[in-house]
Amino acid sequence: MMFWRSVVFKLWFTIILMVAFVLFILTVLLLEFFENYYVEEAEKNLLNQAESVATLIESHGNDGLEIETINEVTAPTTRVTIFYSEHEYWMNDNSETNPLPEVDPTWFLTNTDLNQTITNKEEVMKIEPLSNSEAKIVVVGIPFELEGSTGAIYAYQSLEAIEETTTKTTRIILIAASISIILTTIFAFFLSTRITAPLIKMRKAAGELSRGEFYTKVPVLTHDEIGELAISFNRMRRQLNDHISALNQEKSHLSSILKSMADGVITINKKCEIMVMNPPAKSVLEQLGYQFDDTMNKLPSELKGYFEDVLNKEQESISEISVQGRTYVLLLTPLYTNGVIRGVVAILRDMTEERQTDKLRKDFLANVSHELRTPISLMQGYSEAIVDDIAASNEEKRELAQIIYDESLRMSRLVNELLDLARMEAGHIQLNIEKVDISGFINRVAKKFRTVADDQNIHVDVSLNNQTELVFLDPDRMEQVLTNLIDNAIRHSTSGDSITITLDELINEFVIYVKDEGSGIPEEDVPFIFERFYKSDKARTRKKEVKGTGLGLSIAKHIVEAHKGRISVQSHVNEGTKFTITLPKNPHKDYS
């Protein structure tokens, strides 16, 4: 900041201006006073000298002694002209000590004011310019009586002596004024600095406050208005710090709430610029292909229309959108400030699971009805055929009875699997963990399917890449999982395809892969393949002799998770499917 804009300069300049003005008035008055004083003193002095001369003349008359005495009683700078009459006069001669030029005696007679001494016997004191010079003189004229006649004595001297004295006095006054201004300047700077020092500290503290530093304290050095200002500033700083801390706590609290919400939250302003957004909402926008950076905070075009509609109509809105196969409900509410809309807050709620649950509930009833209707219809039809003696021979009756028996087993298996799945979902699954030779276990399960696979010209290969032979698992439950996966692989494979069972070992885990080259699973069915009754072949287009309940993979997932493991699937249509089972070597041991 420039010096002349500072408070110090303004205070200094104001004080100096006031002092200079006062000194100027005082100097003018003093000069006028001293000039008048010296003139008055000069007139008094001349009057005294003139009176002394008059006394001499009246005492001694016009003789030589008088003339000598007059030169002695008058000052060296004073000249005297004595008029005994209008035609008789006398002038003293002290030109050696008095530089004033001689004055023509007739000037006194021709000057109207000075002539009053002779004509009217009046005392005269005047300052008059000389007729033959630019100099001015001080003239005093008094009348006197001598032998019955009236005369006049004029004593005068130059103003140069008075002006010289006045000049010296003026110089002294100006020097005193200059010293006063200098001292005033020092005092003004001292006073200004003393006054502005706390203000500068407050300004510095205010700058730190603007940068968010709320712990700067202004020292209270005085108990005047500036001290009270410092106290008020410190009080304001504490209150501001408390308010900012409260706002930060509320902001942090709100941020924690937003981050912990499962629903996405987006707040925009009237320009459709994103102001606030939590991680779930960011994930949804990323699925829409939105790229985030510091210079781009606009809404994706897929959502902008919904927000603009709410901004224009100023009404709440509920919409449903689909993003990469997932369903979201978009609830938009306008935001107001003093009755004026300033933006929109939106909640993105993932309704995929709810929609899928509703669909699965409906499919569950349809699947159970379908799965039970077929064996019941078969059992009812064949039992009627036996009752009505449609089967002529005992062999035909045994064949019908065998079909009825197979269907009853299928119904029993369906019910048992439903009960088993219900217990697993309720957390009541029990595992009999024991040491198992994992290589022999894999070979035994694969061997069980080789005959069926060879009959269909399907190759079953086993690849063991492990060094540890003994692991801890429930062999019956894990055999159930592998049986389901291998059986599904055979069902969906054709002649000439291969099924590969691979065992890999990690540090604390082992991984089993079951890979086939079959028909594969559609991409939209992959996320739901482990749901109960979920079948990717909705039209039941698999081989007619193959009949599944749709519960196997759901049961397999629960069994693997009960072993503290993971199961996942990767599949491409007409390229095959790969199931990955990751299990700990010992589920009772904590490897974290």
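The values are calculated or read from the model by the stated rules, or taken from the named source; none is laboratory data. Note that the coordinates shown come from a computational prediction; the quantities given were computed from them, not determined experimentally. Because the Cβ atoms are built from the backbone with ideal geometry, glycine has one as well, and the counts that use them run over all protein chains shown. Remember, those area values only see protein heavy atoms, side chains included, never the ligands or the DNA or RNA. Shrake-Rupley method; radii C 1.70, N 1.55, O 1.52, S 1.80 Å.
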Seminar exercise, completed: Residue hits (the range 311-361; among the hydrophobic types (A, V, I, L, M, F, W, C), in a strand (DSSP E or B), touching a residue at least 12 places away in the same chain (Cβ under 8 Å) and over 17 Å from ILE266 (Cα atoms)) are none
Problem set entry | Unique match (being under 30 Å from THR184 (Cβ atoms), open to solvent by less than 60 Å² (accessible area, probe 1.4 Å) and either modelled with pLDDT under 80 or not in a helix (DSSP H, G or I) (or both)) among LEU30, LEU23, LEU11, LEU56 | LEU11
Exercise. Could you count how many residues in the range 128-180 are at pLDDT below 80 and either within 25 Å of GLU72 (Cα to Cα) or in a helix (DSSP H, G or I) (or both)?
Worked result: 14
Exercise. GLN291 versus (1) at pLDDT 75 or above; (2) within 29 Å of the chain's Cα centre (by Cα): which is the lone unmet condition?
Worked result: (1)
Exercise. So which pairs qualify, if the first residue must be in the range 234-263 and free of Cβ contacts under 8 Å to residues at least 60 places away in the same chain, the second must be among the hydroxyl-bearing types (Ser, Thr, Tyr), the Cβ gap must be under 9 Å, and the two must be at least 6 apart or on different chains?
Worked result: ARG237/TYR215; ARG237/THR216; ASN241/TYR215
For this session: Could you please tell me which pairs satisfy a Cβ distance under 6 Å, a separation of 6+ or placement on different chains, a first residue in the range 193-211 that is closer than 17 Å to ARG238 by Cβ, and a second residue that is surrounded by 14 or more Cβ atoms within 10 Å (Cβ to Cβ)?
Result: LYS201/VAL218; MET202/VAL218; MET202/PHE233; ALA205/THR216; ALA205/VAL218; GLU208/THR216
Exercise. Where residues in the range 218-242 are in a helix (DSSP H, G or I) and open to solvent by less than 30 Å² (accessible area, probe 1.4 Å), which of them is farthest from ILE195 (Cα to Cα)?
Worked result: ASN241
Problem set entry | Criterion: loosely packed, with under 15 Cβ neighbours inside 10 Å, touching a residue at least 60 places away in the same chain (Cβ under 8 Å) and not basic (Lys, Arg) - qualifying residue of THR468, THR451 | THR468
For this session: Determine whether TYR513 is surrounded by fewer than 19 Cβ atoms within 10 Å (Cβ to Cβ), of a type outside the set (Lys, Arg) and either assigned by the TED database to the domain that holds LEU464 or at pLDDT 85 or above (or both).
Result: yes
Exercise. What residue, of VAL329, VAL344, VAL415, VAL323, is of a type in the set (A, V, I, L, M, F, W, C) and within 20 Å of SER554 (Cβ to Cβ)?
Worked result: VAL415
